[in-house]
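The values are calculated or read from the model by the stated rules, or taken from the named source; none is laboratory data. All values derive from a computational prediction rather than experimental measurement. When we count neighbours, we look across all protein chains shown, and the Cβ atoms used for this are built from the backbone with ideal geometry, even at glycine. Areas reflect the complete protein model, heavy atoms only, side chains present, ligands, DNA and RNA absent. Shrake-Rupley method; radii C 1.70, N 1.55, O 1.52, S 1.80 Å.
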Amino acid sequence: MGIPHRVVYWNVPDHAWMYLPFAILCIVFAYGVWRRWRVWATGRRMPLRPWGPRLRRLLSHAGLQSRVVRRPLQGYAHLALAVAFVLLFIGTVVVALKADFGLPVMQGAFYLWFESATLDAAGLAGIIALAIFLVRRYALRPSALGRELPDFLVPFTLLIILITGFLLQSLRIYATHDPWGAYSFVSYGLSALYAAWHLSTPAALIIHRSLWWFHLLLAFSFLGAIPYSKLFHLFMAPVAILLSDPDGATKLEKLDLEHSERLGANMLTDFTVKDLIDLDACTECGRCEEACPAFASGKPLSPKRLILDLREHAHERPLEPLTAAIKDETLFACTTCRACMEACPVDIEHVPKIVGMRRFRVMEEGEMPTGLAEAVQGIEERGHPFRGAQASRTTWMEGLPIREWQPGEPCETLLWVGCAGAFDPRAQKVARALTQLLLAMGEDLKVLGRRESCTGDPARRAGQEYLYQMQAEENVKTLKDVAPRRIVTMCPHCLHQLRDEYRDFGADFEVVHHSEYLQAALVTGRIKAAAGGRRITYHDPCYLGRYEGVFAAPREVLKAAGGDVVEMAHHGPDSFCCGAGGGWAFREEGVPRVNRLRAKEAVATGAEVVATGCPFCLSMMTDGVKAEGGGEVEDIAEILWTQVAPEVTARG
Amino acid sequence: MRSAVLARLLDLGETPAREAMGLMEALGGEMRSLILASSAQDAVAAVGDVHLGVHPALEDPDPEIAYLAAVRLIGDVPPDLLLLPEGPLFEMIGARLAGHFGMSAVRDVDEVTAESGAIVLRKGAYGGKANVRLRASGGVVAGLRAGAFPAADPQPQTASIEDLGPLAEGGKERRTVRDTSGDDLGRAKVIVSGGRGLGSREGYESLRPFASLLGASLGASRAAVDEGWASPSQQVGITGRKVAPELYLAIGISGASQHLSGMSGSRTVIAVNRDEHAPIFEAADIGLVADWYQIWPHLQKALEG
Amino acid sequence: MRILCFVKAILDPEAPPGAIRFPGKVESGDVSTVLGPFEGNALELALQISEASAGSFTAVAMGDGAQDVALRKALALGAGRAARIDVATGFVDPLGAARRLEAAAKELGGADVYIFGRQAGDWDMGVTAGLFAGLLDLPFVPLVQQAEVAGEGLRLRREIPGGYEESLRTGPIVLSVTNGPRTLMRLPKVKDVMLANRKPIDVLKPAEVGENLTLAEIAQAQVTRQSRMITGDAASQAAQLAAELRRFLVTGGGN
């Protein structure tokens, strides 16, 4: 029997003809890539260093597909298919090395265990994975998955390629009585069937030879289709992951207002290279759509549709303005909650694109939805977005032993109250509870009062970058004058600005959310809470959780306050927006409202109290939970203060 | 002091015109009633010397016609104090007449006193947050707030009739449209007003059956007018229309200060709003923190049943 | 068409109660100064007419430097020129104001259309446009909601009780503008805002004029009432409200 091997191109004497379709494939493929390349090349370059975090993310998100497998069934099926195709690709390269370069690689143990057994296993795994995909898409029919012709052709063609591969191998084993056939265990099993059917050898040879050409041409067609279809994600998803912002694109790009030819994005050239590559990286898996609160509440936005519409625009009308592809209602439906970006397995960055396009609509065309326009005008005219507010910046602190910082005096801890804490009657109570907690800790506490002004976050998210930058510069200047040891804030939006986005304006302060500060104080024993015992569910604010990565601290505070913390269906990084983000806090929303959807989840936990750490979430959840017949909605500071106040009184 | 009331014949039966005459009587001095009419009439119920200026176009006048007619009727010697009821006539010609005669103008006046020989007029300012008193040292045209002065009970008397003759042309291709919202809010006994909180045009429209159940006129906040849900003539507020109904219902109106001021003459105010902190509740006699859409189906059943 | 649009910046009309106090004078505290809302409507109309007639407009304000907020906004919206009549802030007799505006209008070369907001939200006088028309002896159309350029003239829609009047007016004219869907001030474009901040504002010396009215007194007004809340679920709230309404319709002398 000699060294285990097989004859390459067995039974296909005219196989050399395959280089003709191969050449065509190469041309078609190259043209397809060039067509896309042309689009990417028009994008703005963006900084890539440091590479370290990018490569780590590439390994995790592309190599290990850590986001894909968050949905175990289809996730592991996808991982298996991907691994199978990498293996099969290696197997094909080995064949080429042998056939075209005469290298002796198709023999021995390697031939038996890799080229035969492993590849058979890979092929089988691929077939199972594709079967799962097809059943899911066409039998379970999740709405986030498309059912157009290409959606069927892609998995079906792959399936046929794998099946015909097995048929070819099994026919060869059958016809040649391959002594090592059993290592190709799937094909070997099939060949046993032919024996049972008494398939004649000449027939087997004819079938094999025709099937060989069919398999080859089908595989070439499939490969050629890659740059023209969502299959391109095979190549572009890793690139999109590699180019994605290491901080998760939580920080919006600081726009150069003086020198930008156009403010915001209205042409493809206004997008970055990464933005354009994202369009070709999308696999249309629909996870963004499933996570999107705007989509769930029936608004005209699906993050998937947005990317696909932009893709179509990029390929078919690359020189036309983006207004032709994306409607204003779609752009302004986004709450900027980042759930889509958190869900995306290939790190597509939806929110920066949306805000980029908003910037153009707002700053170049003066378009903004009513409600939002008034809120932004409020920031411009009176330094806060709350229309018709009945309070001043200092109303909330009447009767509390704290005062405004005065120029020239040092500042240990600065409480950044935020506009909600100052002007929203409900949030004022949170500001009071937090102040009492901080005073009970013996903090040397100051507030800015009349010197505080909106961080500009609602304006920036709405696309009014100009107003935002004025607010940011003004606030950074004020804070540099105050030079506080640390800043504590009760608003996650302010936190995100002061801690992260203001860095682009020269800010470098220690900024903490009150949940983090209170948790630290509980750990060190600076405050003590009496035993509670209420069942509490915690709503993660998007800007505290997904934007700032603070998930544990608020839960620890609730536990320290004696709470029995139960989780909603969506929590942590998968939390579902309250509906206030992206300027929606100031707009009249249609029905159904996002906050009702979220409140339903909260009420379903059976919790007596819904806790949160954001004044906007507090307001939205209060309305929603009330309408859904749930219990109280409180900020973590209020819940903790309820348990701390008796201790303070007891100590005198 | 020489004072005069300027009014349209059509409006003489209305309280505001009689209130202007009441004020003129109270101030005393030389009194004239200047009446704009589309046809001659011998006896007119008015106060002081009654002059009737007649021109056929005064039935529903163009602002230009009304102005030219008034200038001719007032004559060469204007009074020291010219009184007009606050409303469309004042809007069209009050201030312009003042400019023409070198007088000043004040509108929305709710108190007039004579202090050491000078006339002092009181009115609201700063969106109703303040009241100001203005001392006149020269001629003034004053628009009088409805309901602020005791009405006179003028008796019919012979009027001197002046045919105002040919007047210059007003606007061309002129047409007036009075739609279903043509209720005059100024005279309404019950007003139902809607605001931004209703969320949409359909939401605002849902007030129509409610208003008709109550026999009420339909008003609107500035926000509802800006959105185009209601016509500008339905706007209540110091910058829109001042109203003084027996009952005022504010639905989905948060209560900007100018709106509160515009409705402050109402005897009873009922407010429905989702936001318990809305300022409207500060200015209401009865308040409901509620979603109008939840309330309305029940209310409709209760009121129809 | 040559257009002059008169604008005014006022203390924020949305300032919370008590933020502006009136202890015999106006104490503005830290309330900001903003473009008056009806002046926004006036600017919008001025812009529409100037666009439709391929012209430009000049914005004019009267007061101290605080008025620049209004003029900058006008420039950002497309005013070709901005001028401020330099007088101290405070109450001004509307006749005196109209006379100064008349002098300024002459100095600026006059116009075909003079546009005012319906009423400035500080002293709430609402008479300056009419006074100005009377002084110049020009036709005056109040409460304009909509204007279209029609040949040499303007087709104007103005508010009348319960509806509107439409007419075509030619020749120089004075308009006061009210709010409505067609006069909602557009958002200025940011590039224009940035440019506007660098444009000059002409300062005009005020004309010497006599005044007929002086401010004798200013005091806080009272608009609040003691409110009784109807509580309960929607059905019970509705039932209680229905009872109140029925009681009112029977005894309150309704229709």
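Here are the numbers:
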{"item": "Residue among B:Pro61, B:Pro16 that is touching a Ser or Thr at 6+ places or on another chain (Cβ under 9 Å) and not β-branched (Val, Ile, Thr)", "result": "B:Pro61"}
{"item": "Residue check for A:Glu465: under 20 Å from A:Val376 (Cβ atoms), in contact (Cβ under 8 Å) with a residue 12 or more places away in the chain and either over 28 Å from the mean Cα position of the chain (by Cα) or in the same structural domain as A:Leu255 (by TED's automatic domain parsing) (or both)", "result": "no"}
{"item": "Residue within segment A:411-420 that is within 30 Å of A:Leu306 (Cα to Cα), hydrophobic (A, V, I, L, M, F, W, C), surrounded by 24 or more Cβ atoms within 10 Å (Cβ to Cβ) and within 14 Å of chain C (Cβ to nearest Cβ) present", "result": "no"}
{"item": "Exclusive hit being more than 30 Å from B:Ala278 (Cβ to Cβ), more than 7 Å from chain C (Cβ to nearest Cβ), touching a helix residue (DSSP H, G or I) at 6+ places or on another chain (Cβ under 6 Å) and among the small types (Gly, Ala, Ser), set B:Ala98, B:Ala152, B:Ala159, B:Ala118", "result": "B:Ala152"}
{"item": "Condition met for C:Leu241 (outside the structural domain of C:Glu148 (by TED's automatic domain parsing), crowded, with 16+ Cβ neighbours inside 10 Å and out of contact with any Ser or Thr (no Cβ under 8 Å at 6 or more places or on another chain))", "result": "yes"}
{"item": "Qualifying residue in segment B:53-63 (condition: assigned to a strand (DSSP E or B) and in contact with an Asp or Glu (Cβ under 6 Å, 6 or more places away or on another chain))", "result": "yes"}
{"item": "Any helices (runs of 4 or more DSSP H) falling wholly within segment B:193-305 and containing at least 1 residues that are of a type in the set (Ser, Thr, Tyr) and open to solvent by less than 40 Å² (accessible area, probe 1.4 Å)", "result": "B:201-205, B:257-262"}
{"item": "Failed item in (1) modelled with pLDDT of 90 or more; (2) open to solvent by 50 Å² or more (accessible area, probe 1.4 Å), with A:Pro615 passing the rest", "result": "(2)"}
{"item": "Cross-chain or 6+ apart pairs with Cβ under 8 Å, segment A:221-246 first and in contact (Cβ under 8 Å) with a residue 24 or more places away in the chain, then among the polar types (S, T, N, Q) and surrounded by fewer than 20 Cβ atoms within 10 Å (Cβ to Cβ)", "result": "A:Ser221/A:Thr157; A:Phe222/A:Thr157"}
{"item": "Complete set of residues in segment A:26-47 that are surrounded by fewer than 17 Cβ atoms within 10 Å (Cβ to Cβ) and of a type in the set (D, E, K, R)", "result": "A:Arg35, A:Arg38, A:Arg44, A:Arg45"}
{"item": "Residue match in segment B:56-73 (condition: over 23 Å from B:Lys172 (Cα atoms) and either assigned by TED's automatic domain parsing to the domain that holds B:Ile119 or open to solvent by 10 Å² or more (accessible area, probe 1.4 Å) (or both))", "result": "yes"}
{"item": "Test: residue in segment B:82-89 that is over 27 Å from C:Asp93 (Cα atoms), touching a helix residue (DSSP H, G or I) at 6+ places or on another chain (Cβ under 9 Å) and among the aliphatic types (A, V, I, L, M)", "result": "no"}
{"item": "Residue within segment A:564-573 that is open to solvent by less than 30 Å² (accessible area, probe 1.4 Å), in contact with a helix residue (DSSP H, G or I) (Cβ under 7 Å, 6 or more places away or on another chain) and closer than 15 Å to A:Asp623 by Cβ present", "result": "no"}
{"item": "Qualifying residue in segment C:2-23 (condition: part of a strand (DSSP E or B), in contact with a Pro (Cβ under 7 Å, 6 or more places away or on another chain) and more than 10 Å from every other protein chain (Cβ to nearest Cβ))", "result": "no"}
{"item": "Among the candidates A:Glu398, A:Glu404, A:Glu452, A:Glu374, residue that is outside the structural domain of A:Leu252 (by TED's automatic domain parsing), within 30 Å of A:Glu588 (Cα to Cα) and open to solvent by 20 Å² or more (accessible area, probe 1.4 Å)", "result": "A:Glu374"}
{"item": "The one condition in (1) more than 24 Å from B:Tyr126 (Cβ to Cβ); (2) under 16 Å from the mean Cα position of the chain (by Cα); (3) modelled with pLDDT of 85 or more; (4) of a type outside the set (Phe, Trp, Tyr) that B:Ser233 fails to fulfil", "result": "(3)"}
{"item": "Candidate set from segment C:68-95 (those that are basic (Lys, Arg) and not in a helix (DSSP H, G or I)); member that is surrounded by the most Cβ atoms within 10 Å (Cβ to Cβ)", "result": "C:Arg84"}
{"item": "Selection from segment A:555-595 of residues that are in a helix (DSSP H, G or I) and within 23 Å of the chain's Cα centre (by Cα)", "result": "A:Gly572, A:Pro573, A:Asp574, A:Gly581, A:Gly582, A:Gly583, A:Trp584, A:Ala585, A:Val594, A:Asn595"}
{"item": "Single unsatisfied condition, B:Ala283 versus (1) closer than 24 Å to B:Ala148 by Cβ; (2) out of contact with any helix residue (DSSP H, G or I) (no Cβ under 6 Å at 6 or more places or on another chain); (3) within 8 Å of chain C (Cβ to nearest Cβ)", "result": "(2)"}
{"item": "Elements of type strands (runs of 3 or more DSSP E) in segment C:183-241, at least 3 residues being in contact (Cβ under 8 Å) with a residue 12 or more places away in the chain", "result": "C:202-204, C:213-220"}
{"item": "Filter pass, C:Arg99 being without any contact (Cβ under 8 Å) to a residue 40 or more places away in the chain, more than 7 Å from chain B (Cβ to nearest Cβ) and open to solvent by 20 Å² or more (accessible area, probe 1.4 Å)", "result": "no"}
{"item": "Subset of segment C:138-178 [in a loop (DSSP other than H, G, I, E, B) and at the interface with another protein chain (Cβ under 7 Å from one of its Cβ atoms)]", "result": "C:Pro139, C:Pro161, C:Gly162, C:Thr178"}
{"item": "Unique match (being surrounded by 24 or more Cβ atoms within 10 Å (Cβ to Cβ), out of contact with any Phe, Trp or Tyr (no Cβ under 7 Å at 6 or more places or on another chain) and β-branched (Val, Ile, Thr)) among C:Val7, C:Val60, C:Val26", "result": "C:Val7"}
{"item": "Count of segment A:11-23 residues which are part of a helix (DSSP H, G or I), out of contact with any Phe, Trp or Tyr (no Cβ under 8 Å at 6 or more places or on another chain) and open to solvent by 60 Å² or more (accessible area, probe 1.4 Å)", "result": "4"}
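To keep it simple, each residue is scored yes or no on (1) part of a helix (DSSP H, G or I); (2) in the same structural domain as A:Leu308 (by TED's automatic domain parsing); (3) touching a residue at least 12 places away in the same chain (Cβ under 8 Å); (4) out of contact with any Asp or Glu (no Cβ under 9 Å at 6 or more places or on another chain).
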| position | (1), (2), (3), (4) |
| --- | --- |
| A:Leu73 | yes, no, yes, yes |
| A:Ala80 | yes, no, yes, yes |
| A:Thr92 | yes, no, no, yes |
| A:Leu97 | yes, no, no, yes |
| A:Val105 | no, no, no, no |
| A:Tyr111 | yes, no, yes, yes |
| A:Ala122 | yes, no, yes, yes |
| A:Phe156 | yes, no, yes, yes |
